[in-house]
1. Just one of Tyr345, Tyr350 is at pLDDT 80 or above and aromatic (Phe, Trp, Tyr); which is it?
2. Output the strands (runs of 3 or more DSSP E) that fall wholly within region 1-112 and possess 1 or more residues being farther than 19 Å from Glu127 by Cα and of a type outside the set (A, V, I, L, M), or say none.
3. If I ask for residues that are exposed (fewer than 15 other Cβ atoms within 10 Å of the Cβ) and polar (S, T, N, Q), which ones from region 93-121 would you list?
4. Of the numbered conditions (1) of a type outside the set (Val, Ile, Thr); (2) open to solvent by 40 Å² or more (accessible area, probe 1.4 Å); (3) touching a His at 6+ places or on another chain (Cβ under 9 Å), Lys269 fails exactly one; give the number of that condition.
5. Quick one: which of Phe498, Phe458 is open to solvent by less than 20 Å² (accessible area, probe 1.4 Å) and more than 16 Å from Gly425 (Cβ to Cβ)?
6. Kindly indicate whether any position in region 169-177 is assigned to a helix (DSSP H, G or I) and of a type in the set (Ser, Thr, Tyr).
7. Can you list residue pairs whose Cβ atoms sit under 7 Å apart, with the first residue in region 480-495 being in contact (Cβ under 8 Å) with a residue 60 or more places away in the chain and the second being surrounded by fewer than 17 Cβ atoms within 10 Å (Cβ to Cβ) and among the small types (Gly, Ala, Ser)? Count only pairs 6 or more apart in sequence or on different chains.
8. Among what's in region 247-287 and is in a strand (DSSP E or B) and of a type outside the set (Ser, Thr, Tyr), pick the residue that is farthest from the chain's Cα centre (by Cα).
Amino acid sequence: MYKVLLVDDERIILNGISQIVNWQACGTELAGTARNGLEAFEFISQHHPDIVISDIRMPGMDGLELVAKVNRHYPHIRFVLLSGFSEFDYAKTAMQYGVKHYLLKPCNEAVIEEALRELAEDIRQSEGKEQFVQNLKYGLEKVMPHVKEQFLREFVTNKMYGSQDWEYYCKLFDLQWKSRQVQLVLFQLEGSFEFEHLFAVKNIAEEILDRPLLSTTVGKHVLLMMDGNDAEPEDMYNQLEKIRETFQGFYRMGLTVALSESGDMSQAKLLYKQTLECLNHRFYLGEGSLITARDIQSAVMTGIQDVQFDEEQLALQIKSGHFEGANEEIERFFKQLTDLRLDIYTAKSYVIQCCMAIIRLGSPEAINSYMNRFVQIMEMDTLHTIAQTFKSVAKEITMRYYEQNKIKHSAIIAKVLDIIEKHIGNPELSLNWVAHQMLYMNADYLGKLFKKEMGDKFSNYVIKLRITKAAERIARNEDVKIFELAEQLGFGDNPQYFSQVFKKVVGCTPSEYMKSPVQLGFLNKDDGFLD
């Protein structure tokens, strides 16, 4: 029910209208009466009726004055004016204040009720419109953050937007922004995450950066648009670092940040592309970095540069079971990739080439396993993680060769020792003779294997063995001749040289040893007599 105030200076009219009008049927109720404009305004100020039925001619404050004053303070209140005069000037004045119902006295209840019903319906329609507007405003307030996010998302990716669109949306969003300079910040979460983590980054960034112009999520990234004239570079870096530290402190997750240059808002798409290029360089700089446009500009290389990769040298180190050497080759390879800063796909193509080189060295039964590992490598998004996995696979293959070579080398050295034992009396016995005539191997390679396995040079071992056998024969037979020992143990017809070597190894001449044999404790002594 809408409340009605009835105003007239004649009591009989007040009472008459109060009683004869069917207020309820009109959707109204009589809230009160007043004898003049002054009383009426006081009532209106206290009770705020919806409709006022007032006489025009009243003492103190007439009806027109009441309309004017109420219109200033309570413009939503509707009026029905009653008058015994038919002058047009009254109606004209009343219509200036929006009064649509001007009734001439005397009038019956049907006329008043019809006016009340029209005003009640008008109020209902106004309320409906107002409610619609309020609902629209409320809905707009709720959806506005999403509209802002969608606009920024499309503005940096959609070529259809231009500077005029930006100006329109600046007014729509009530952005407090005087310059046309903007700067973009792009955040990327490291590892697996939920959408709530993206919103957490967005909220933390908005708080620390003191309300950026706009912010949104784009795929797995969080994008903020800043006023390009606001912060000094050093202050911006410190704030971005604080965002990373705050987020990591709460969620124990890494956060990589890309920062564009400042530029005109019409260049927003280019600035966004710049931040994406910055994030691509986390491939080289690693996760959790702050990467600026300056970083990628300093990495630009002129001309075409190839990665120098010695596949044969790496294969040789792996097949030799020498991981230190293989690791050096791998380190050299990945350092070149880091220094050259090639685009990611080109860099990965070199990694694939290097991967295939070592996969071919793996055992047939393990190739599928290694291939799966390298498929995972290709999906990794930093060069550091690729290098670590690459080294792990290379080490497995290298250690397999090491174990194989260890067995193989032991078998070879066993053959060498057997040859030495059988040909100990042959003056031609030497490393070259054994390698070339007996085993058909490279002498230098055989010498290295022998020393690694036996802990001594081939020549030293043979000399010590010959002197040991000579000392043993002297101890068993006191009548043995020096020249016979020299001939039997490979010194030929040079007993004098035999005596010199014997003294150098044992500490005394063969003749002195015959008189007083001592314990043989010289086999592990490295005299270095052939050095």
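1. Testing whether each residue is at pLDDT 80 or above and aromatic (Phe, Trp, Tyr) leaves just Tyr350.
2. Details: elements: 2-7, 28-34, 51-55, 78-83, 101-104.
Correct list: 28-34, 51-55, 78-83, 101-104.
3. If the condition is that a residue be exposed (fewer than 15 other Cβ atoms within 10 Å of the Cβ) and polar (S, T, N, Q), then Gln96, Asn108 are the ones that fit.
4. Every listed condition holds for Lys269 apart from (3).
5. Details: Phe498 fails: more than 16 Å from Gly425 (Cβ to Cβ).
That would be Phe458, the only listed residue that is open to solvent by less than 20 Å² (accessible area, probe 1.4 Å) and more than 16 Å from Gly425 (Cβ to Cβ).
6. First, pick out the residues of region 169-177 that are assigned to a helix (DSSP H, G or I): 169-173.
Still in the list and also of a type in the set (Ser, Thr, Tyr): 169.
Yes, some residue in region 169-177 is assigned to a helix (DSSP H, G or I) and of a type in the set (Ser, Thr, Tyr).
7. Gln488/Gly425; Leu489/Gly425; Gly490/Gly425
8. Asp264
The values are calculated or read from the model by the stated rules, or taken from the named source; none is laboratory data. None of these values were measured; they are calculated from a predicted model. No Cβ is skipped: glycine too gets one built from the backbone with ideal geometry, and neighbour counts run over all protein chains shown. Each accessible area value is taken on the protein alone, full model and side chains, heavy atoms only, with ligands, DNA and RNA left out. Shrake-Rupley method; radii C 1.70, N 1.55, O 1.52, S 1.80 Å.
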